[in-house]
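Accompanying notes for the structure given below.
What follows is calculated from the coordinates using simple rules that are stated; it is not laboratory data. Here the structure is a predicted model, which is why all the values come from computation and not from measurement. Cβ sites come from the backbone with ideal geometry, for glycine too, and all protein chains shown count toward neighbours.
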Amino acid sequence: MSEPQNSGARNTILSKLRASRDAHPVPPVASDFTVLREKRWDPAERLERIKRLMEAVHTEFIEATEQDWPAVVQDFLAREGARTLLFAPATPDGAALAKGWTANQPELVPYDGEVETFKERLFDGIDAGITSTLGAIAETGSLVLWPTAEEPRLLSLVPHMHLALLRADQLHDTLWQVMTEKGWAAGMPTNALLISGPSKTADIEQTLAYGVHGPKRLVVVIIK
Amino acid sequence: MVESSVNFAKASSAALKDPQLRANFRRAMDGLMSKRAVQFADTAEWNGVRTLAASVRMRALSKLPELLEQLEANCTKNGIQVHWASTTDEANAIVLSIMQRVNAKLVVKGKSMVTEEMHLNAFLEQHGIESLESDLGEYIVQLDEAMPSHIIMPAIHMNTKQIAHLFKQKIKEAEYTEDVAQLTDLARRVLRRKFATADVGMSGVNAAVAQTGTLCLIENEGNGRMCTTVPPVHIAVMGLEKVVEKLEDVPPIISLLPRSATGQPITTYVNMITSPRKPGEKDGPREIHLVILDNGRSNVYADAELRDTLRCIRCGACMNHCPVYTKVGGHAYEAPYPGPIGKILVPQMEGLAKRGEMPHACTMCNACVEICPVKIPIVEIMGRLRAEAVHPGNAVKDAGARGSKAEAMVWKGWSTTYASPTAYRFATALLAKLGNAAPSSLPLLKEWTNVRSKPRFAARTLHDLAREKGIPDV
């Protein structure tokens, strides 16, 4: 951890910027966030809109209840032929999943060690991963994820299929509202994420293709 | 000095004669423009968010030195190591020293225009480090040993067939296919192995939040998340203008950037990174480095008018709407940033001796200004740079480098003629008589006619005709 911090460049740059700004000061600029504040949807419309926007980019939706979601997920994965499901055993959702899982089919794989200890299996031997979410955003059809020590970042990225649990009572209007109302600026996590569909690209002649580097499929489990 | 300048006229003539290239760009730009228009159908919403986003960028620039210091302090507090580079050479040296310390052999890169400024790939390869682009478009361009032709869609100049041939030729396990899903899947398989084994991941930064020390990255493919999460070391590079004051300043930018760029409501991933792996966390890099690069930006900042160039959020919409870019494509500019924003940014970074031609590759039609999500007065700055190129001064590097005595004489003669009725009448009468006989290869005249048809002069001047109709001279 000992690269030169290049304080020479730092001081040169900052003093030059300061001198330029002071020579030609810009009058204080105010920002009016009304346009974002006023973007509101009726609570009943939010889920509809989220589904419509996310389905337009190939997201799949399945519905469940707080009681039966582990079984719904297990049925779904069995039908899709998934052999392995990576999960976060130390989260409440992870505990509920393990408790509701029968016959270990598909195989539940806990993400309970540092990634270095099972990178190969993560990249080559996992079909699906399941995470919780902090809700979703109606404006753009986006899931909000704050990965944690218990629910690591790569759970939603490396497996070919990502299943995300979305509680139907955690739907917000815009990113701006979520971050201001929940006070994100007071303590950002290591990584905060919005996910709005499976991985995609249009880099070959603007033809949309799904599953380029991240998950090929995103399945949202709506818990009502 | 002017000899070493980049010859846009020559490169663009070649591009204009390539029907495949023109068809590829025409088709792509038409698609991008219509998709964007759908996203901004609600004019009131567009005006509101656009005014807000422009204010966010202007506010950031109004406090730029303070915000950079605040960003540095908060990043450092969060465990992100901050480095400063005045030049691309310094930035390359910083990146290399980090890589050498961790004994890196392979670096995977997310899309970053700043690393294009740095020519980082070539630099690292010289030092024995494999530097692999992982954004699909950048990967294609790197396989082709070419430069990106668009800042958002780097391989937009190629069609599927050309990419299919390239993959067959350059990737060992490739079967020839023109199926885009299969080509994409092939790249997925090749690059996943690289993500899993890379020593370092690199990325750019779409916005850096001073208030929280957060780096925001948006992308569709997931390669950006791979590069910033899987390898043990993450190095982010940013131009010093990318800072914003508060976390709440990010949503307006995220609202406009993907809609302007590709006409999608949001990118698949919005990735906000605030610290390296904390004790107890199971993945994420153990080190994050942020390299803040100047490379001429502080010069741009020094001029009250040119400063607006630094508002840019790199959406590329100005390229998509530019009649010149659409016809000649990105490579003709031979610059990291093509199109309208390139025409005002690159000359300021690299100087007017080398890049004095770029601001002239513009019809001043104003299409870019109308769609710019942060209201950069691109055309006004273009005009200013044309003037700077011929008048010695201090505002822009190599100001005056393109000044020519002959051109100055022509304009002087023009203004004298227009200021004197006698001279004007004499000159127009002369052109009416002899203009059509003058060969277009005459010195001075050929500067105009080598890219334009010579005008046909009417046999009688307008004044003549008016006088005949009894309209008196003023």
Seminar exercise, completed: Heads up, the range B:288-330 by the C-alpha gyration tensor (a ≥ b ≥ c square roots of eigenvalues; a/c under 1.5 rounded, else a/b over b/c prolate, else oblate) looks oblate
Problem set entry | Globularity ratio of the protein assembly as shown, using Cα Rg and 2.2 N^0.38 Å | 1.05
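For the protein assembly as shown, what is the charge dipole size about the Cα centre, in debye to the nearest 20, if Lys and Arg each add +1 at the Cβ and Asp and Glu each add -1 at the Cβ?
The calculated dipole for the protein assembly as shown is roughly 2380 debye.
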Seminar exercise, completed: Neighbour-count ranking for B:Trp411, A:Trp41 (other C-beta within 10 angstrom, fewest to most) reads B:Trp411, A:Trp41
Seminar exercise, completed: Distance in nm between B:Asn47 and A:Leu134 label points, each 7 Å along Cα→Cβ, equals 3.5 nm
Exercise. Of B:Phe167, B:Phe426, how do they rank once you tally other Cβ atoms within 10 Å and put the fewest first?
Worked result: B:Phe426, B:Phe167
Exercise. For B:Ala466 and B:Ala181 in one chain, what is 0.36 nm times their gap in residues minus the Cα-Cα distance, to one decimal in nm?
Worked result: 95.8 nm
Exercise. Which translational diffusion coefficient, to the nearest whole µm²/s, is obtained for chain B from the Stokes-Einstein equation, given a Kirkwood hydrodynamic radius over C-alpha pairs, 4 °C and 1.567 mPa s?
Worked result: 53 µm²/s
Exercise. Hey, got the dipole for the range B:39-85? About the Cα centre, +1 on K and R Cβ, -1 on D and E Cβ, debye to the nearest 20?
Worked result: 60 debye
Seminar exercise, completed: Output field shielding_mean for B:217-230 (other chain Cβ, 10 Å radius) holds 6
Seminar exercise, completed: Between B:Arg425 and B:Lys77, the two model label points (7 Å from Cα along the beta-carbon direction) sit apart by a distance in nm of 7.8 nm
Seminar exercise, completed: Sorted largest first, the C-alpha extents of the range B:405-468 along its principal axes in whole angstrom are 36, 23, 15
Exercise. Which stretch or stretches of the range B:401-445 have amide N atoms under 15 Å from the point lying 7 Å from B:Asp473's Cα along the Cα→Cβ direction?
Worked result: B:418-430
Exercise. Going by the alpha-carbon gyration tensor, a ≥ b ≥ c the square roots of its eigenvalues, is the range B:191-341 rounded (a/c under 1.5) or, if a/c is not under 1.5, prolate (a/b greater than b/c) versus oblate?
Worked result: prolate
Exercise. Tell me, what ³J(HN,Hα) does each residue in the range B:98-104 have, in order and in whole Hz, if you take phi through Karplus 6.51 cos²θ - 1.76 cosθ + 1.60 with θ = phi - 60° and put x for Gly and Pro?
Worked result: 5, 5, 5, 4, 8, 6, 6
For this session: Holding the Cα-Cα limit at 23 Å, pick out from B:Lys77/B:Lys242; A:Lys200/B:Lys194; B:Lys77/B:Lys111; B:Lys343/B:Lys405; A:Lys51/A:Lys99; A:Lys200/B:Lys161 the pairs that are longer than that.
Result: B:Lys77/B:Lys111; B:Lys343/B:Lys405; A:Lys51/A:Lys99
Exercise. All other residues with a Cβ under 15 Å from the Cβ of B:Val396 taken together, and with Lys, Arg as +1 and Asp, Glu as -1, what is their net charge?
Worked result: +1
Exercise. Among rounded, prolate and oblate, which fits the range B:40-295 when a ≥ b ≥ c are the square roots of the eigenvalues of its C-alpha gyration tensor, a/c under 1.5 means rounded, and a/b larger than b/c means prolate?
Worked result: oblate
For this session: Can you find, among B:Ala208, B:Ile129, B:Ala419, the residue farthest towards the positive end of the dipole of chain B? Put +1 on the C-beta of Lys and Arg, -1 on that of Asp and Glu.
Result: B:Ala419
For this session: With the convex hull built on the Cα atoms of the range B:113-230, state its orientation-averaged projected area in nm².
Result: 8.0 nm²
Exercise. Say each of A:Ile62 and B:Leu444 gets a label point 7 Å from the Cα, pointing the same way as Cα to Cβ; how far apart are those two points in nm?
Worked result: 8.0 nm
For this session: Identify which of A:Pro198, A:Pro189, A:Pro152 has the largest mean-square fluctuation in a Gaussian network model of chain A, with springs joining Cα atoms closer than 10 Å.
Result: A:Pro189
Seminar exercise, completed: So for R0 = 60 Å, FRET eff. of A:Lys182-B:Arg452 from the Cβ-Cβ r, to 0.05, ends up at 0.50
For this session: Identify, among A:Leu86, A:Val26, A:Leu122, the residue whose Cα sits farthest towards the positive end of the charge dipole of the range A:1-133, taking +1 on the Cβ of Lys and Arg and -1 on the Cβ of Asp and Glu, with the dipole about the Cα centre.
Result: A:Val26
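Can you sort B:Glu370, B:Glu173, B:Glu72, A:Glu60 so the residue with the fewest Cβ neighbours within 10 Å comes first?
So the ranking, lowest neighbour count to highest, is B:Glu173, B:Glu370, A:Glu60, B:Glu72.
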Seminar exercise, completed: The helix B:250-262 Cα axis meets the longest alpha-carbon principal axis of chain B at an angle in degrees, between 0 and 90 and rounded to 10, of 60 degrees
Problem set entry | Proximal lysines relative to B:Lys282, as straight alpha-carbon distance under 18 Å, when same-chain residues fewer than 8 apart are discounted | A:Lys119
For this session: May I ask for the net charge around A:Thr131, where only other residues with Cβ less than 10 Å from the Cβ of A:Thr131 are counted and Lys, Arg are +1 while Asp, Glu are -1?
Result: -1
Exercise. What's the extension gain from A:Arg18 to A:Ala90 if we count 0.36 nm per residue and subtract their Cα-Cα distance?
Worked result: 21.0 nm
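How big is the Rg/Rh ratio for chain A, C-alpha atoms only, Rh by Kirkwood, two decimals?
Using only Cα positions, Rg/Rh for chain A is 1.08.
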Seminar exercise, completed: Measuring from its Cα centre, the range B:405-468 shows a charge dipole (+1 at each Lys and Arg Cβ, -1 at each Asp and Glu Cβ) which, in debye to the nearest 20, is 80 debye
Exercise. Picking from B:Gly296, B:Val108, B:Asn47, whose Cα lies most toward the positive end of the charge dipole for chain B (charges on Cβ: Lys, Arg +1; Asp, Glu -1)?
Worked result: B:Asn47
Exercise. Thinking of the range A:137-204 as a set of Cα atoms, what percent of all their pairs are more than 20 Å apart?
Worked result: 37 percent
